[in-house]
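Okay, structure first, notes after.
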Amino acid sequence: MTTRQHSSFAIVFILGLLAMLMPLSIDMYLPALPVISAQFGVPAGSTQMTLSTYILGFALGQLIYGPMADSFGRKPVVLGGTLVFAAAAVACALANTIDQLIVMRFFHGLAAAAASVVINALMRDIYPKEEFSRMMSFVMLVT
């Protein structure tokens, strides 16, 4: 492998790991919804609201992080988003009420959007138009 192939593999692998944040934080969460309802003593609808607010945060985050990545650069946005994502995950684990969990899941989704937006922008910055689709498919394959 050439140095360019090594760096392309590393970039695709790292961006693939970042792309996993959003689906992973939903897929690992869904089986726990009945347990969360029982733990907080609330109906299933209240617990399902945590998923809705996560998706809402993710949608709004994409509108926020795109212009931020263009203004401040890709690296600070993705690092900040990843740090907030981790902090929100800890806050979700420490939530004492369902309302706290709903709010923290919103911020969790908001932070997850940073990786999604920056990955696409970074791939367009790094790879020429002809190679972009192929490399992006590798990132999605890692996910």
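Of all residues in the stretch 76-107, which are of a type outside the set (S, T, N, Q) and closer than 12 Å to Leu18 by Cβ?
Val77, Val78, Leu79, Gly81, Phe85
Are any residues in the stretch 64-109 among the polar types (S, T, N, Q) and either within 20 Å of Ile26 (Cα to Cα) or touching an Asp or Glu at 6+ places or on another chain (Cβ under 7 Å) (or both), and if so, which ones?
Thr82, Thr97, Gln100
Check Thr82 against each of (1) at pLDDT below 95; (2) of a type in the set (S, T, N, Q); (3) outside any helix (DSSP H, G or I) and name the one condition it does not meet.
For Thr82, the failing item is (3).
Give the number of residues within the stretch 75-103 that are closer than 21 Å to Ala44 by Cα and crowded, with 23+ Cβ neighbours inside 10 Å.
Residues that pass the stated criteria total 1.
List every residue pair whose Cβ atoms sit under 7 Å apart, with the two residues 6 or more apart in sequence or on different chains, where the first one lies in the stretch 82-95 and is within 16 Å of Phe106 (Cβ to Cβ) and touching a residue at least 60 places away in the same chain (Cβ under 8 Å) and the second, anywhere, is assigned to a helix (DSSP H, G or I) and not basic (Lys, Arg).
Hits for this filter: Phe85/Leu21; Phe85/His108; Phe85/Ala111; Phe85/Ala112; Ala89/His108.
Quick check on this structure: which one of Ser25, Ser46 is touching a residue at least 24 places away in the same chain (Cβ under 8 Å), more than 17 Å from Ser137 (Cα to Cα) and under 11 Å from the mean Cα position of the chain (by Cα)?
Of Ser25, Ser46, the one residue that is touching a residue at least 24 places away in the same chain (Cβ under 8 Å), more than 17 Å from Ser137 (Cα to Cα) and under 11 Å from the mean Cα position of the chain (by Cα) is Ser25.
Scan the stretch 49-76 for residues that are closer than 20 Å to Gln100 by Cα and more than 18 Å from the chain's Cα centre (by Cα) and jot them down.
Residue satisfying the conditions is Met49 alone.
Here is a yes/no grid of residues against (1) assigned to a helix (DSSP H, G or I); (2) within 22 Å of Phe13 (Cβ to Cβ); (3) out of contact with any strand residue (DSSP E or B) (no Cβ under 6 Å at 6 or more places or on another chain); (4) small (Gly, Ala, Ser):
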site	(1), (2), (3), (4)
Ile36	yes, no, yes, no
Ser46	yes, no, yes, yes
Thr53	yes, no, yes, no
Gly57	yes, no, yes, yes
Ala95	no, no, yes, yes
Leu110	yes, no, yes, no
Asp125	yes, yes, yes, no
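Could you go through the stretch 128-142 and let me know if any residue there is part of a loop (DSSP other than H, G, I, E, B), loosely packed, with under 13 Cβ neighbours inside 10 Å and more than 16 Å from the chain's Cα centre (by Cα).
Checked the stretch 128-142: at least one residue is part of a loop (DSSP other than H, G, I, E, B), loosely packed, with under 13 Cβ neighbours inside 10 Å and more than 16 Å from the chain's Cα centre (by Cα).
Answer with yes or no whether Met22 is modelled with pLDDT under 90, part of a helix (DSSP H, G or I) and either among the small types (Gly, Ala, Ser) or under 16 Å from Val117 (Cβ atoms) (or both).
yes
The values are calculated or read from the model by the stated rules, or taken from the named source; none is laboratory data. Here the structure is a predicted model, which means the values were calculated and not measured. Please note: Cβ atoms are built from the backbone with ideal geometry, for glycine as well, and neighbour counts cover all protein chains shown.
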